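Comments concern the structure below.
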Amino acid sequence: MEETEITVADSIAPRHDGQFTRVYQVLADAVAAHAFPCCAFGVLAKDVVVLQDALGASTYDDDAFPIALETVFDIASVSKVLATTAAAMLLVQRNQLDLDTPLGELLPGFVIGRESTVRARHITLRHLLGHSSGLPGYVELFRTASTPDALLRACLQLPIEAEPESRTEYSDPGFILLGKALEVLTRESLATWLQREVFLPLQLHATGYNPLPQQRPQIPPTELDETFRHRRIQGEVQDENAWVMNGVAGHAGVFSNVPDLLRFARAILTVGESKENLFTTRIVEEFSERQEPEGSSRALGWDTPSAENSSAGRHFSEHSIGHLGYSGCSLWIDLDAEIAVVLLTNRTWPDRKNQLIREVRPAFHDAVRESL
């Protein structure tokens, strides 16, 4: 198991000058309504951090610790873009990865042993990134697989429910397999490769998998798990499949904070051929294009605003990319307006029943854009 030493950088801008009163009201109301115990949030506009702050305490208990801007959260499926998709972007950019490579070429176990191999042979890494592979959306592999190898074997053997590109089904198993395929390609752990090639170059010092034990008490807990681990989940990945994989997976497992996610967003918005830029214009454009089938909101790894009831609210352009996390986190980037918005919460505390985050997210994003 790889652990990450997380360090906290200084704040990079003043936090509030009265312009964002409505934003604070939306989030304060959400905390009061128990949508989540706490949140940290930030806004980047035209390469300037115009807002970053935090509200609430780690839990609803009297002994909960207050949340700071630099507090690290389990960002859940936002890992799909900050980690796995970012890795794919760089590998394609460096001509080290062809997205039309069949998954079976990198993970032969995906094809070998199936009764019918036709569909499996046609599934590519592009299909996994676009969630159009035909694989199921979510499977509790952890119920029967107790080791990383066993979970991977179970994932490789999952039924392919539809022809590639015939439907869009947001698929955690697809990203588990994508993460493993990238490890085969790079010949090292996803965590190690990302730390060297993405997190360190962008100075994401608070970002990584598996925070060290001494850092975990300062991370907001995500759940009182009464069915699987039977303990308070704090500073370890909430997603059970990722936990069985020792915390390092393609679909979940990254911990980060608002300043780091704003730096990552800046790297997406500040593109070009210069050595100072991690990503090129071409690669950001390629990965932000919506994929087949027609009508899907999914780009390559990224999501885009849906036509109705988008979590990004009403003001993000069609040329926007983002992603949500089950723990209540989100990152949205408007490529036209050059605006990025981060929201980190632990909305699953103390359990997963509360769905108020669905109302809070669009209201928060609308308040941000209207305040700008």
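The values are calculated or read from the model by the stated rules, or taken from the named source; none is laboratory data. For clarity, every value in this text was computed on a predicted model and none was experimentally measured. Cβ: placed from backbone, ideal geometry, glycine included. Neighbour counts: every protein chain shown.
Inspect all residues belonging to the stretch 161-171 and state whether any of them is hydrophobic (A, V, I, L, M, F, W, C) and closer than 30 Å to Ser116 by Cα. Let's see the steps before the verdict.
Taking the stretch 161-171 first, the residues hydrophobic (A, V, I, L, M, F, W, C) are 162.
After this cut, where a residue has to be closer than 30 Å to Ser116 by Cα as well, the list is 162.
For the stretch 161-171, residues hydrophobic (A, V, I, L, M, F, W, C) and closer than 30 Å to Ser116 by Cα: present.
Can we say Glu115 is over 14 Å from Glu183 (Cβ atoms), acidic (Asp, Glu) and under 24 Å from the mean Cα position of the chain (by Cα)?
no
Suppose we filter Leu107, Leu151 for residues that are within 27 Å of Arg290 (Cβ to Cβ) and either touching a helix residue (DSSP H, G or I) at 6+ places or on another chain (Cβ under 9 Å) or of a type in the set (Ser, Thr, Tyr) (or both); which single one remains? First the steps, then the outcome.
Details: Leu151 fails: within 27 Å of Arg290 (Cβ to Cβ).
Among Leu107, Leu151, only Leu107 is within 27 Å of Arg290 (Cβ to Cβ) and either touching a helix residue (DSSP H, G or I) at 6+ places or on another chain (Cβ under 9 Å) or of a type in the set (Ser, Thr, Tyr) (or both).
Which residue, of Ala87, Ala120, is under 15 Å from Glu183 (Cα atoms) and among the aliphatic types (A, V, I, L, M)? Please lay out each step first, then the result.
On the way: Ala120 fails: under 15 Å from Glu183 (Cα atoms).
The unique qualifying residue is Ala87.
If a residue has to be of a type outside the set (A, V, I, L, M, F, W, C) and assigned to a helix (DSSP H, G or I) to count, how many in the stretch 174-213 make the cut? Walk me through how you get there before you give the answer.
Going residue by residue through the stretch 174-213, those that are of a type outside the set (A, V, I, L, M, F, W, C) are 174, 179-180, 183, 186-189, 192, 195-197, 201, 203, 205, 207-211, 213.
Remaining after also requiring assigned to a helix (DSSP H, G or I): 174, 179-180, 183, 186, 192, 195-197, 213.
Total satisfying the criteria: 10.
Condition check ((1) assigned by TED's automatic domain parsing to the domain that holds Asp239; (2) in contact with a Gly (Cβ under 8 Å, 6 or more places away or on another chain); (3) under 22 Å from Glu5 (Cα atoms); (4) buried (at least 22 other Cβ atoms within 10 Å of the Cβ)) across all residues:
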| residue | (1), (2), (3), (4) |
| --- | --- |
| Ala33 | yes, no, no, no |
| Val49 | yes, yes, no, no |
| Asn95 | no, no, no, no |
| Asp100 | no, no, no, no |
| Leu103 | no, no, no, yes |
| Leu106 | no, no, no, no |
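How many of the residues making up the stretch 330-363 are in a loop (DSSP other than H, G, I, E, B), charged (D, E, K, R) and more than 15 Å from Pro37 (Cα to Cα)?
Taking the stretch 330-363 and keeping what is in a loop (DSSP other than H, G, I, E, B), we get 335-338, 346-356.
Next, only the ones that are charged (D, E, K, R) stay: 336, 338, 347, 351-353.
With the extra rule that they be more than 15 Å from Pro37 (Cα to Cα), the set shrinks to 336, 338.
Qualifying residue count for the region: 2.
Of all residues in the stretch 115-149, how many are without any contact (Cβ under 8 Å) to a residue 12 or more places away in the chain and not polar (S, T, N, Q)?
So the count comes out to 4.
Those residues that are of a type in the set (S, T, N, Q) and either modelled with pLDDT under 95 or within 12 Å of Leu158 (Cβ to Cβ) (or both), I need them from the stretch 119-143; list them, please.
First, pick out the residues of the stretch 119-143 that are of a type in the set (S, T, N, Q): 124, 132-133.
The answer is Ser133, and nothing else.
Only one of these conditions is not met by Glu285: (1) within 23 Å of Val26 (Cβ to Cβ); (2) assigned to a helix (DSSP H, G or I). Which number is it?
(1)
Has the stretch 188-204 got at least one residue that is out of contact with any strand residue (DSSP E or B) (no Cβ under 6 Å at 6 or more places or on another chain), surrounded by 23 or more Cβ atoms within 10 Å (Cβ to Cβ) and within 23 Å of Gly113 (Cβ to Cβ)? Reasoning before the result, please.
Within the stretch 188-204, the first condition is being out of contact with any strand residue (DSSP E or B) (no Cβ under 6 Å at 6 or more places or on another chain), and the residues that meet it are 188-190, 192-204.
Still in the running and surrounded by 23 or more Cβ atoms within 10 Å (Cβ to Cβ): 190, 194, 199, 204.
Subset that is within 23 Å of Gly113 (Cβ to Cβ): none.
Within the stretch 188-204 (the criterion being out of contact with any strand residue (DSSP E or B) (no Cβ under 6 Å at 6 or more places or on another chain), surrounded by 23 or more Cβ atoms within 10 Å (Cβ to Cβ) and within 23 Å of Gly113 (Cβ to Cβ)), the answer is no, since none of the residues qualifies.
Within the stretch 253-267, is there a residue that is of a type outside the set (A, V, I, L, M, F, W, C), within 14 Å of the chain's Cα centre (by Cα) and not in a loop (DSSP other than H, G, I, E, B)? Step through it out loud before you land on a result.
First, the residues of the stretch 253-267 that are of a type outside the set (A, V, I, L, M, F, W, C): 253, 256-257, 259-260, 263, 266.
Subsequent filtering for residues that are within 14 Å of the chain's Cα centre (by Cα) retains 253, 256-257, 260.
Narrowing the set further to residues that are not in a loop (DSSP other than H, G, I, E, B) leaves 256, 260.
Yes - at least one qualifying residue is present in the stretch 253-267.
Does the stretch 318-326 contain any residue that is outside any strand (DSSP E or B) and free of Cβ contacts under 8 Å to residues at least 12 places away in the same chain?
No, because not a single residue in the stretch 318-326 is outside any strand (DSSP E or B) and free of Cβ contacts under 8 Å to residues at least 12 places away in the same chain.
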